[in-house]
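The values are calculated or read from the model by the stated rules, or taken from the named source; none is laboratory data. Just so you know, these numbers come straight off a predicted model, no measurement behind them. Cβ: placed from backbone, ideal geometry, glycine included. Neighbour counts: every protein chain shown. To get the accessible areas, we keep the full protein, side chains included, count just its heavy atoms, and leave off ligands, DNA and RNA. Shrake-Rupley method; radii C 1.70, N 1.55, O 1.52, S 1.80 Å.
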Amino acid sequence: WSPAGNMVIMAGKSINGNIEFWDVDEAVQTAEEEHFMCNEVSWDPSGRIVATVVTQPMFGTVPMRYQLENGYNLWSFQGENLRKEQMEHFYQFAWRPRPATTLNAKEIQKVEKNLKTYMARYGKEDEIRRKRLEASANKEKIESLTFFRDLFAIRSAKAAEEQQERIRLGLDIAVDEGEFEVMDELEEHFVSEKVETYFG
């Protein structure tokens, strides 16, 4: 069970490593994932992140499968994979204890009273950070695409030059286009969706 109480993970500590994420308040399964050979599940103190872990025995002979699968995965409470780490020697996973709050009762009331304001403020900061990350990722994609197109143009020109040289030397071999099959592939990517209420 999550420390927050409304989320639960159904996980079989076995080789297949099937993991089910459930929202018990809504009685709905939010995700179904897999962590091969998972032998430990550990929620963080806030109940927002959960770790599925593969650890090896500290003593005795260690089977090869542990050496290959040792490590941990971090998931959101909804079942989104946040991080995957594999380590050759991994014996224990533990969350840092959550320290007691340094706020007094009056300060806690102030936070609760202004919670929506704080949420809006930090929500904007998160949105700015997300857009920056997306812009950075898009820049890398554009740079990679530009590099590929430039390289393709250089190699195409080189191939055309070599083809002319083969023709000049009488080494050109005619290719029957019937020997090849042209296949088209269509890929669709969902970018975003926005729902707006229309008041007519």
Taking the Cα centroid of the range 112-171 and of the range 17-36, what is the distance between the two, rounded to the nearest whole Å? 35 Å
Expressed to two decimals, the range 16-112 has a Cα Rg over Rh, using the Kirkwood radius, of 1.11
For S136, what charge total do you get from the other residues with a beta carbon under 12 Å from its beta carbon, if Lys and Arg give +1 and Asp and Glu give -1? +3
Based on the Cβ-Cβ distance from R149 to E193, what FRET efficiency comes out when R0 is 25 Å, to the nearest 0.05? 0.20
FRET efficiency (K106, N6; Cβ distance; R0 35 Å; to 0.05) is 0.75
Averaged over all viewing directions, the convex hull of the alpha carbons in the chain casts a projected area in nm² of 24.6 nm²
Within the chain, count lysine pairs with alpha carbon atoms under 19 angstrom apart where the residues are 8 or more positions apart or belong to different chains. 7
Exposure ranking of D126, D23 by accessible area [1.4 Å probe, largest first]: D126, D23
Cα axis of helix 115-169 to longest principal axis of the chain: angle in degrees, 0 to 90, nearest 10? 20 degrees
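How much net charge surrounds Y72 when only the other residues with a Cβ under 11 Å from the Cβ of Y72 are counted, with Lys and Arg +1 and Asp and Glu -1?
Once positives and negatives cancel, what remains is -1.
Tell me, which longest segment in the chain has none of the chymotrypsin sites (Phe, Trp or Tyr not before Pro) that fall in DSSP loops with at most 16 further Cβ atoms within 10 Å?
Longest gap between qualifying sites, sites excluded: 96-179.
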Report the extension gain between M119 and A159 in nm, rounded to one decimal, defined as 0.36 nm multiplied by the number of residues separating them, less their alpha carbon distance. 8.5 nm
Apportionment of accessible area to carbon and sulfur, the chain, percent (1.4 Å): 54 percent
